[in-house]
Amino acid sequence: MATSDPDKLIAKADKLTKLSMTRWNADWKNATVLYEQAAIAYRLARKHEKAKDAFEKASKGQEMLSSPWDAAKHMESAAALAKEVGNWNEVSDFYRRASELYIQCGRAQPASDALAKGARALEDALPDEAIQLYTDACAVLEDDGKEQMAFDLYRAATSVYVKLEKYTDAATFLLRWPLAADKCNATHSQSKAYLSAIIVYLYAHDFQQAEKCYNDCCQVEAFLNSDQNRAATRLLSAYTDGDVEEIKRAAQSSIISSLDHTITEKESFADNQACKEVAYRDVTAFKRGATEHKKIY
């Protein structure tokens, strides 16, 4: 190239895209090459802010040249650099735009991956936006008939909900997973998701909702005949009996231990005193409620 100074490359590219008395048409082909060269030079020099802006302009150039795939790649590069400088809103906006561009190419998998990258980048800074990105990433795959490829995204979104202690939201989200699993005949994953949702309701100290969820799940034949159903039955029976020790033993069963680590780490009754206290508090509240109910009648 004529010069390695990225500032000069940007200036030259900007001139090529601006109309004037002597330039009636923007020269996006040559301008885009210059933007790309400048972006790479800035990134190598660790000038992240300038590199981000240059990749954004390069993405626009590729769009103008009817090349959405390359435009999406550049937008992902801009998003990664936005993460480096801590511009969280741009991280979300850029990854969303990259996803839209991949969809223009008819490529659902990279479109979903772009959203998932944004979600992972935002889990700590903007967890609610991360959850929305994970949700949208699932939808992209499901709309394309690739439900099974969305399973890891369901796990990731559930993990964020649990970290935020939004247990009811986590359970509600988990109950979407079996619907996707059913479409691809993934009955084992379907049953594990149902069991996970029941346990998460117990995190929220909502035994009645956990029991209702269990009864609803038993309407699904795959769950009714599963090992996960038997594990749920044992756990809920222990809660009903007010047996904290049996709750601990049920939670240590191989079926529950095989659930996603987000669930099993939280539900480690044997080693986690906090979980033991939760179990005791839930059981005590449940027994107290039952006693008061008997008094009324």
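Laboratory data are not the source of any read-out in this text; all were calculated from the coordinates shown. From a predicted model like this one, the values you see are computed outputs, not experimental measurements. Cβ placement follows ideal geometry from the backbone for every residue including glycine, while neighbour counts extend to all protein chains displayed.
Here are the numbers:
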{"quantity": "Overall dimensions of the stretch 151-268 by Cα: Rg and Dmax, Å", "calculated": "12.9, 39"}
{"quantity": "With Cα atoms, 0 to 90° folded angle of helix 88-104 axis to the chain main axis", "calculated": "80"}
{"quantity": "More than 16 Å apart - percent of Cα-Cα pairs taken over the stretch 4-73", "calculated": "43"}
{"quantity": "Charge-dipole axis of the chain as Lys and Arg at +1 and Asp and Glu at -1 on Cβ define it, positive-most pick from Q209, S92, H48", "calculated": "H48"}
{"quantity": "Degrees, to the nearest 10: 127-143 long Cα axis against longest axis of the chain", "calculated": "90"}
{"quantity": "Hull-based mean projected area of the chain, where the convex hull spans the alpha carbons, in square nanometres", "calculated": "20.3"}
{"quantity": "Above-threshold pairs, the threshold being 18 Å between Cα atoms, out of K29/K83; K12/K73; K29/K60; K83/K117; K52/K117; K12/K57", "calculated": "K29/K83; K12/K73"}
{"quantity": "Tilt relative to the chain, helix 6-17 - C-alpha long axis, 0 to 90 degrees, to 10", "calculated": "80"}
{"quantity": "Descending Cα extents along the principal axes, the stretch 1-122, whole Å", "calculated": "45, 32, 22"}
{"quantity": "³J(HN,Hα), Karplus 6.51/-1.76/1.60, whole Hz, each residue of the stretch 247-258, x for Gly, Pro", "calculated": "4, 4, 5, 5, 5, 8, 4, 5, 5, 6, 4, 7"}
